[in-house]
1. Given a Förster radius of 41 Å and the C-beta distance between Ser69 and Asp183 as r, what FRET efficiency does 1/(1 + (r/R0)^6) yield to the nearest 0.05?
2. Give the residues of the stretch 46-84 whose amide nitrogen is closer than 19 Å to a point set 7 Å from the Cα of Val193 in the direction of its Cβ.
3. Given the chain, what whole percent of its Cα pairs are spread farther than 38 Å?
4. With r defined as the distance between the Cβ atoms of Ser86 and Glu155 and R0 fixed at 35 Å, what FRET efficiency is calculated, to the nearest 0.05?
5. What number in nm² do you get for the stretch 275-331 if you take the convex hull of its Cα atoms and divide its surface by four?
6. Pull out a ≥ b ≥ c, the square roots of the eigenvalues of the alpha-carbon gyration tensor of the stretch 191-257, then state rounded if a/c is under 1.5, prolate if not and a/b is larger than b/c, and oblate in the remaining case.
7. Which order results if Cys310, Cys295, Cys116 are arranged by neighbouring Cβ count within 10 Å, fewest first?
8. Can you sort His8, His37, His181, His62 by how many other beta carbons sit within 10 Å, fewest first?
Amino acid sequence: MLAMKVLHVVGARPNFMKIAPVMRALDRRGVHQELVHTGQHYDPSMSDVFFADLGLPRPDLHLGVGSGSHAEQTARIMLGFEKVLSERRPDLVVVVGDVNSTLACALVAAKMHIPCAHVEAGLRSFDMTMPEEINRVLTDRICDLLLTPSEDADENLLREGTPPERIRLVGNVLIDALAAHVDRGRAREPWRVYGQKPGGYALFTLHRPSNVDDPAVLSRVLGAIEEVQREIPVLFPAHPRTRKAIEALGRTPRGLLLLPPLGYLDFLGLTSAARLVLTDSGGLQEETTVLGVPCLTLRENTERPITVSCGTNELVGTDPQRIVAAARAVLEGRVKTPRTPRFWDGRAAERIADALFR
Ligand code: UD1
């Protein structure tokens with residue numbers, strides 16, 4: 001294993017905090033590692049700040065693919081990554097999560113017969129209209145080692161006929177990153193910049209195509225958040241996709257504190273001290289569960305059902321009345337008492353290193 005060369009892939013914002021603990025765990029074992037950034041996310045606020053906050057090494061290679069349609073982006077990543085694999089010839093490729101970079105690189109590795117491990121395997125929303133669901137299903141089908149965050153993921157894979165020897169329940173690496181950084185995030189007291197106090201504000205994020213790209217849905221959701229804002233200040237760090245969609249709508253949400261995308265530490269600090277989170281993010285459903293912060297997810301389904309069954313998460317969809325009623329219930333103190341899922345203990349990356357060694 002020590003002589004083995006591992007090549008990690010990151011591309012988009014949610015990848016960075018998942019690869020950081022894995023690279024650190026393999027580093028401790030003296031494994032030779034390289035990091036490839038596909039460039040799917042390229043704004044400094046969507047990429048560079050995370051490298052700095054997480055102490056990630058500079059990427060050894062940057063493919064610079066940028067934005068485009070799904071086909072363009074996926075194809076550009078594949079072309080770039082095929083060259084990388086031909087030159088670098090790693091013994092193992094590690095991909096994380098469910099973004100276009102994940103599937104594109106797994107597909108190239110599989111075609112070149114280079115073993116590929118998928119971190120955060122097995123999650124399913126069973127909603128094939130989500131680009132991420134397509135990425136998840138296909139990535140798991142072609143990877144050799146499926147490293148899962150929770151038992152439901154194992155069950156999904158087994159139901160799909162995955163050979164059990166390819167599956168390893170290792171736990172949630174996003175929580176490794178959280179455990180390593182939450183104190184630093186809180187110590188920055190990021191809420192002060194916005195004139196807020198711990199427990200005195202709600203945090204809102206939105207970026208799913210299904211919520212953002214359709215002006216009718218976006219208007220409806222923003223209307224609901226404006227209602228919530230009458231009861232509690234709402235901080236809204238907006239993804240570039242969302243900011244563009246709001247500009248196209250021609251109406252800035254009344255009263256909301258519309259912020260640029262934030263770095264990892266500031267965002268984690270803000271999440272940990274929020275009274276309530278409203279979001280359509282996947283990772284945030286998990287983070288709020290571990291932090292014990294009530295989370296209302298503005299979707300009809302989730303690939304992370306354990307955050308609903310064990311955690312603080314509640315699916316509220318995009319119907320304004322439902323969103324506002326659920327927010328009011330939380331503000332009136334009707335909150336769930338979470339249980340931390342098994343192996344969401346800050347040691348998932350160690351288990352991943354063990355699994356790779358085996
Ligand atoms: C991607 C992932 C999504 C993840 C999200 C986190 C896929 C299919 N989707 O969605 O699963 O939750 O990242 O952020 O991989 N843009 C910028 N600057 C950037 C990046 C994007 O302005 O640095 C804008 C561009 O207009 C771009 C749009 O955002 O066209 C969408 O970017 P893209 O990478 O296609 O998907 P995300 O919506 O970011």
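1. 0.50
2. Residues passing the 19 Å test: 46-56.
3. Taking all Cα-Cα pairs of the chain, the fraction more than 38 Å apart is 13 percent.
4. 0.40
5. For the Cα atoms of the stretch 275-331, the hull's average projected area reads 3.3 nm².
6. Details: a/c = 2.22, a/b = 1.79, b/c = 1.24.
Here the stretch 191-257 falls in the prolate category.
7. Cys310, Cys116, Cys295
8. Working: His8 29, His37 26, His181 19, His62 15.
Least to most surrounded, the residues fall as His62, His181, His37, His8.
Rule-based calculations on the coordinates, nothing more; no lab input. Values in this document were obtained by computation on a predicted structure and should not be read as measured data. Ideal geometry is used to build each Cβ from the backbone, glycine not excepted, and the neighbour counts take in all protein chains shown.
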